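Novice: This is the structure, below, for whatever I ask next.
The values are calculated or read from the model by the stated rules, or taken from the named source; none is laboratory data. Keep in mind the model is a prediction, meaning the values are calculated, not measured. All Cβ positions, even for glycine, are placed from backbone atoms using ideal geometry, and neighbour counts span all protein chains on display.
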């Protein structure tokens, strides 16, 4: 079960009890899993969003972007074009294998959940339509982990196009949440010739959303989102094209955002540093 405020801010009903347990030492924080998510953009400016099924254990009913956890096999060397893993490691502030895995996960998860593939036969090309039955068979094999992303690219004679991605933000799930993720957010333009689709079994709805409209729906309490999701959406407001968003990403700080909780006059005060709009006061 989750609760919201007058807007669409998501938080689970069990958080207050877990926060108190963490404060008293009864709760040991789970180790966050490394993950990647992609704000897929098209001219307009629209961003591709999916609604997680209400039955999902984590953030059920909330809108999100395509993404998921790093597969350990994402660290394997793959056909690669664009900024090399060493350059990504410097940008993300991680070791080279981790940088390779994070970027691979971003591209792989976008294909798995949105049917969009940021790869091509060369450094100057991107694949066209990837919605056919043969592509779907490979996508399903990736989802089921029967096929690694490296094997998929090699089989298709493709190279990952890391130049189509830009790092946008980094958020870490709070210490009191049992399902924790250290998530890197990226922006990318939907390639010409490809069409997004709801390829995820975790989503019951997808939509292309103008950032202004999505933020307004959240403010009215009509669209449920986690803080990282609505924060990224608000940051796109005012940008007119995917190119503008990719250009803006170069100057963005990637300091991780991690929620904090404190007791104040008998209430739990939950806050996300640098994002005051998400501060909540919880009495239970």
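Novice: Go through the range 239-267 and give me each residue that's without any contact (Cβ under 8 Å) to a residue 12 or more places away in the chain and within 29 Å of residue 43 (Cβ to Cβ).
Specialist: The answer is 247, 248, 251, 253.
Novice: Right, something else. Hand me the list of helices (runs of 4 or more DSSP H) wholly inside the range 79-195 holding 2 or more residues that are within 30 Å of residue 15 (Cβ to Cβ) and in contact (Cβ under 8 Å) with a residue 60 or more places away in the chain.
Specialist: Of the helices (runs of 4 or more DSSP H) lying wholly inside the range 79-195, those with at least 2 residues that are within 30 Å of residue 15 (Cβ to Cβ) and in contact (Cβ under 8 Å) with a residue 60 or more places away in the chain span 96-114.
Novice: Considering every residue within the range 219-237, establish whether at least one is touching a helix residue (DSSP H, G or I) at 6+ places or on another chain (Cβ under 9 Å), surrounded by fewer than 16 Cβ atoms within 10 Å (Cβ to Cβ), modelled with pLDDT of 95 or more and assigned to a loop (DSSP other than H, G, I, E, B).
Specialist: yes
Novice: A further question follows. Can you confirm whether residue 267 is in contact with a strand residue (DSSP E or B) (Cβ under 8 Å, 6 or more places away or on another chain) and surrounded by fewer than 18 Cβ atoms within 10 Å (Cβ to Cβ)? If you could, list the steps in order and put the result at the bottom.
Specialist: On the way: in contact with a strand residue (DSSP E or B) (Cβ under 8 Å, 6 or more places away or on another chain): yes; surrounded by fewer than 18 Cβ atoms within 10 Å (Cβ to Cβ): yes.
Yes, satisfied.
Novice: Among strands (runs of 3 or more DSSP E) lying entirely in the range 12-72, which contain 1 or more residues that are at pLDDT below 90?
Specialist: Values: elements: 33-42, 46-52, 67-69.
Those strands (runs of 3 or more DSSP E) span 46-52.
Novice: Taking the condition of being within 18 Å of the chain's Cα centre (by Cα), over 26 Å from residue 136 (Cβ atoms) and surrounded by 17 or more Cβ atoms within 10 Å (Cβ to Cβ), how many residues in the range 66-91 meet it?
Specialist: The initial filter retains those residues of the range 66-91 that are within 18 Å of the chain's Cα centre (by Cα), namely 66-72, 74, 88, 91.
With the extra rule that they be over 26 Å from residue 136 (Cβ atoms), the set shrinks to 88, 91.
Within this subset, residues satisfying the condition of being surrounded by 17 or more Cβ atoms within 10 Å (Cβ to Cβ) are 88.
Final tally of qualifying residues: 1.
Novice: Right, next: Please determine whether any residue of the range 208-218 is more than 24 Å from residue 89 (Cβ to Cβ), without any contact (Cβ under 8 Å) to a residue 12 or more places away in the chain and either in contact with a strand residue (DSSP E or B) (Cβ under 6 Å, 6 or more places away or on another chain) or assigned to a helix (DSSP H, G or I) (or both). Before you say what the answer is, go through the steps one by one.
Specialist: Let us first name the residues in the range 208-218 that are more than 24 Å from residue 89 (Cβ to Cβ), namely 208-218.
So of that shortlist, the ones also without any contact (Cβ under 8 Å) to a residue 12 or more places away in the chain come out as 213, 216.
Then keep just the ones that are either in contact with a strand residue (DSSP E or B) (Cβ under 6 Å, 6 or more places away or on another chain) or assigned to a helix (DSSP H, G or I) (or both); that gives 213, 216.
For the range 208-218, residues more than 24 Å from residue 89 (Cβ to Cβ), without any contact (Cβ under 8 Å) to a residue 12 or more places away in the chain and either in contact with a strand residue (DSSP E or B) (Cβ under 6 Å, 6 or more places away or on another chain) or assigned to a helix (DSSP H, G or I) (or both): present.
Novice: Quick one: residue 184 ticks every box in (1) out of contact with any helix residue (DSSP H, G or I) (no Cβ under 9 Å at 6 or more places or on another chain); (2) closer than 24 Å to residue 160 by Cβ bar one, so which box is it?
Specialist: Of everything listed in (1) out of contact with any helix residue (DSSP H, G or I) (no Cβ under 9 Å at 6 or more places or on another chain); (2) closer than 24 Å to residue 160 by Cβ, residue 184 misses just condition (1).
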